[in-house]
Amino acid sequence: MTSDGLEAIHHRGFNGPPPADAREDTLTIPAAPTWTRRSAALLLGSTLFGCSHQPPTLHRHAFNAPHVDETVRLAMAATGARGLALSVVENGQVVYTKAYGVRNALGEPLLEDTVMYGASLTKAAFGWLVMQLVEAGQLGLDVPLASYLPRPLPHYASADIVRRYSAFAGLAHDERWRRLTARILLTHSGGFANFYFLEPDRQLRIHFEPGSRYAYSGDGMILLQFVLEQGLGLDVGAEMQRRLFAPNGMTRTSLIWRPDFRPNLADGFTQDGRPEPHDERSRVRASGSMDTTIADMGRLAASHVRGDGLSVAGRAELVRSHLAITTGSQVPSLQPQPASPAFRALGAGLGVIAFEGPQGAGFFKGGHNDSTANMWVGLEAGKRCVVILSNDVRAEPAFPALVQTILGDTGLPWAWEYGGMAFWSPMR
């Protein structure tokens, strides 16, 4: 169960805590709360579409703000979630943004400009940045990344490199690292576990032929960040600011901690309701270090679905399926591959997951840690999106109902994203 495909830190062979600033990539698996029951009405449409070969029937679901507010109120009461915020995009424009609940244990209100943890929504923004660099001629999607580095990747083995990026020395006896490309890493098909520190010897390993299958990996994003910074001389945090955040007026978003965030900052709440202080992340990490607000994320989602900064073809590359996903769930990353796909038309985009549903093509990306739950869902028809940020991980079981209330039946395969989670439904 996960919201962004993150493996539990109690993965086999893992001994000890993850490095500092890697908490965006941890996952705990909570016991099912007593209020939950499987929502057949919510899951039926997605399940049937996943098994059906009927073409989609495109239709627009009318946005109803009072109905959304009521559904959020019911969801928070049922799940116990203390804080939640959402933003809705229609026709490429933000039409609704609202925050609900509190930002900390003191009961201070969660506001539209409260800084919250973006977690692995960072990966979707990073994919967009990379595509801009591709169109600017600075990077090739299918050019081996080895060609951008002055030295072989395993030679970058200092303690500082491991602290900032990953343990590349583990690839010294596996020449398959030379086949890695930006497309392979953005589609989570590099062959890595989620992170090197999950390996028994805490060294990065390639477990299958690069590009051959999907296996969620934060270290794949980190490796691509490494190439951009150490090979091309770019500063990923500064590039995100220049190309994505500043053009969209995202004044309270950053890939690294800023002290001016502190006066209006969201702490988190864990599965047992325990407050968790907001991490002040000291390093840029393409896998998930973004701090943001719901107002800023709404603007980012609108710009993304419009394709700002990209050609029409470049925008299409972001959200199309580059690699079919066959597994029944996103985690564990290195699970066995079934003989046939568990979900039809599910594939890896560039930093997002692409799918087909009753309203046509869509994409999504989740974000999660022990006290954070986020989801970004987009539909190509009508340039529609919803972004949900919650500083309480208990909100996750309500996400399918909230997305359906806002966008209608999308066909998003929630069971793949969240595994065996029991979802909340407002229906009686």
Q: All but one of (1) hydrophobic (A, V, I, L, M, F, W, C); (2) over 19 Å from the mean Cα position of the chain (by Cα); (3) over 20 Å from residue 136 (Cβ atoms) hold for residue 312, so report the exception by its number.
A: (3)
Q) Do you know which residues across region 172-201 are within 18 Å of residue 231 (Cα to Cα) and not in a helix (DSSP H, G or I)? A) 180, 181
Q) What residue, of 299, 315, 281, 306, is modelled with pLDDT of 95 or more and surrounded by fewer than 17 Cβ atoms within 10 Å (Cβ to Cβ)? A) 306
Q.
Show the residue pairs meeting these rules: Cβ distance below 7 Å; 6+ apart or different chains; first residue within region 401-419 and farther than 13 Å from residue 63 by Cβ; second residue part of a helix (DSSP H, G or I) and of a type in the set (Gly, Ala, Ser).
A. 401/75; 409/45; 411/45; 411/46; 412/46; 413/46; 413/50; 414/46
(Q) surrounded by fewer than 20 Cβ atoms within 10 Å (Cβ to Cβ), modelled with pLDDT of 95 or more and of a type outside the set (Gly, Ala, Ser): is that true of residue 203 in this structure? (A) yes
Q) Taking the condition more than 27 Å from residue 258 (Cβ to Cβ) and modelled with pLDDT of 95 or more, does residue 108 pass? A) no
Q.
Restricting to region 61-100, name every residue that is among the basic types (Lys, Arg) and part of a helix (DSSP H, G or I).
A. 73
Q.
Which numbered condition in (1) buried (at least 24 other Cβ atoms within 10 Å of the Cβ); (2) more than 26 Å from residue 322 (Cα to Cα) is the only one that residue 401 fails?
A. (1)
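The values are calculated or read from the model by the stated rules, or taken from the named source; none is laboratory data. In this text, all values refer to a predicted model and were calculated from it rather than measured experimentally. Note that each Cβ is placed from the backbone with ideal geometry, even for glycine, and that neighbours are counted across all protein chains shown.
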